[in-house]
Amino acid sequence: MKLGILKPSNAGEKRLTLLPEHIEGLENDILIEAGFGESLEITDKEYEDKGCTILSRKEVYEQADALYSMKGIPEEEYDLLQDNQIIIGWIHPQAKGKAFMEGVATDKHLIILNIDNTQPTIAFEDKIEPIPFIRSNFTYKNSVTAGYVGTIHSMLSYGKLFSSTTNIAILGSGNVSQGAMNAASKLGAIDNIRMFYRSNLDEFYKSYSEYDVIINGIAVTDPTNHLLTYDHVKNMKKGTLVVDLAAQPGEAVEFSKETTYDEPLLKVDDIFVYCIRNIPSLVYRTASEVLSESFTNWVFKRDLQEYIDLAKEHGYNIK
């Protein structure tokens, strides 16, 4: 079967999820969009030398049995999708990808492989099931990188070095929060860092006005169930830096909006908010190595027929 790899289409995205050095022993024919490797100065010929076929973006859509697109399919390209294709990426079918699932995916009988940061799932029509043969959290290094790099970049964007007098609260205990903790401690704030988990957020709410920096690494499943709201802003210190590393603007942090590399900070009343998506792209060479190795080992090496068979096992009515 044929696996198509599309160039990232998100603004500022430079990570590549398949490098030539990892293309060995793959069960599927690999179709690569022309110019895929440009951000890392990798030529089309280097992919061809590894047995890949180089095609235009439209041709990849037309010929691939499965498509990998890091952050999902761009809306303007929905018409290019073929019936029964497998779509691989961070789709989030119950959150930001819900409209895509209920409309395009159902109409075209697509099989969705959602690369969730904890448990990868297969989704088809109204069903979502775990994928037993893909290791849970297999992209954890990418998430740790997001926490580490986002913390450093937010500090530099704010223009003030962390120190032993900087009071920092980190929300969450997952990979992103661990990366943030690692960075903050190395940047000089180790004596005044407090990590809060879902189980002790009540303690955070009693003391949040004391912190100079609040770093959120918790993603919420209900986008209306905010961890930080506009009401909290009123009691924060003037100049507080809120770093939303869950990177879903307006969800866990109600007052966060997407910021950019050019304008990384948003002013909300008397505080500052950092909320950049695709943060690992700031270190895209390192992130590409991590992603390519993990995706190759756990996703790309498998025969695509295994995903189709798994869908059928769960009663998916594949046309």
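The values are calculated or read from the model by the stated rules, or taken from the named source; none is laboratory data. Every value quoted in this text rests on a predicted model; they were computed, and no experiment measured them. Note: ideal-geometry Cβ built from the backbone for every residue, glycine included; neighbour counts use all protein chains shown. Note: accessible area is taken over every heavy atom of the protein model, side chains too, but ligands, DNA and RNA are not part of it. Shrake-Rupley method; radii C 1.70, N 1.55, O 1.52, S 1.80 Å.
I'd like the orientation of helix 284-295 relative to the chain: the angle between its Cα long axis and the longest Cα principal axis, in ° from 0 to 90, rounded to 10. Orientation of helix 284-295: about 50 degrees from the principal axis. Checking the table Lys160/Lys267; Lys14/Lys71; Lys160/Lys238; Lys108/Lys312; Lys98/Lys301 against a 21 Å threshold on Cα-Cα, which pairs fail? Pairs exceeding 21 Å: Lys98/Lys301.
For the chain, with all protein chains in place and a probe radius of 1.4 Å, 45% of the accessible heavy-atom surface sits on carbon or sulfur. Charge dipole of segment 208-319 (Cα centre as origin; +1 on each Lys and Arg Cβ, -1 on each Asp and Glu Cβ, all else neutral): 160 debye, rounded to the nearest 20. A 1.4 Å probe run over segment 274-316, with the rest of the protein chains in place, finds 40 Å² accessible per residue. Rounded to the nearest 20, the Cβ-based charge dipole of the chain about its Cα centre (Lys and Arg +1, Asp and Glu -1) stands at 1060 debye.
Take every DSSP beta bridge whose two residues both sit in segment 1-159, then give the antiparallel share in percent to the nearest 5. Antiparallel bridges: around 30 percent, rounded to the nearest 5.
Using C-alpha pairs below 8 Å separated by at least 6 residues, the relative contact order for the chain is 18 percent. Surface exposure of segment 114-221, expressed per residue as accessible area with a 1.4 Å probe, stands at 46 Å².
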